[in-house]
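The values are calculated or read from the model by the stated rules, or taken from the named source; none is laboratory data. Since we're looking at a predicted model, the values are computed, not measured. Cβ coordinates were reconstructed from backbone atoms using ideal geometry, including for glycine residues, and neighbour counts include every protein chain displayed.
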Amino acid sequence: MKAKIRRILREHYGSFNTTLEKQYVNKIVSVLLESSDEIRHEWVTYNQVILELKNDLDYALTVKELLYRLTESCEPSKDCMCVIEKVGMLSPEMKRLYDKIKLF
């Protein structure tokens with residue numbers, strides 16, 4: 001199952017080259033395998049935020065910041081919301097994700 005999750009993440013992200021990216025993958029794989037449905041749902045949403053940011057080259061450093069925060073975080077919802085707030089101008093999809101995270 002771990003290999004399948006990693007393959008799917010690689011298809012959406014591309015290669016995991018940096019240590020930070022590898023740590024994030026390890027974190028999300030363990031969360032998806034070992035957590036409750038509610039926690040898995042939350043992490044899928046955080047991952048969607050990363051993908052939204054990754055689609056815009058202007059947010060390359062923001063993606064790395066969010067990866068770091070989520071990898072090390074005790075409060076991933078707060079950290080994710082903080083990063084989204086720093087971005088400022090939100091696309092409709094990012095606004096939807098932000099509102100969804102506020103409900104966690």
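Couple of notes before you dig in:
- Scanning the stretch 88-104 for residues that are under 15 Å from ILE50 (Cα atoms), under 15 Å from the mean Cα position of the chain (by Cα) and either among the acidic types (Asp, Glu) or not in a helix (DSSP H, G or I) (or both) yields a total of 1.
- Residue within the stretch 51-63 that is within 14 Å of TYR13 (Cβ to Cβ) and out of contact with any helix residue (DSSP H, G or I) (no Cβ under 9 Å at 6 or more places or on another chain) present: yes
- Filtered residue count, the stretch 24-48, keeping only those that are under 18 Å from GLU75 (Cβ atoms) and either modelled with pLDDT under 90 or of a type outside the set (Ser, Thr, Tyr) (or both): 11
- Summed over the stretch 17-53, residues that are hydrophobic (A, V, I, L, M, F, W, C) and more than 24 Å from LYS86 (Cβ to Cβ) total 4.
- Residues satisfying the stated conditions in the stretch 1-48, i.e. outside any helix (DSSP H, G or I) and surrounded by 11 or more Cβ atoms within 10 Å (Cβ to Cβ): PHE16, THR18, SER35
- Residue within the stretch 66-87 that is of a type in the set (A, V, I, L, M, F, W, C), outside any helix (DSSP H, G or I) and at pLDDT below 95 present: yes
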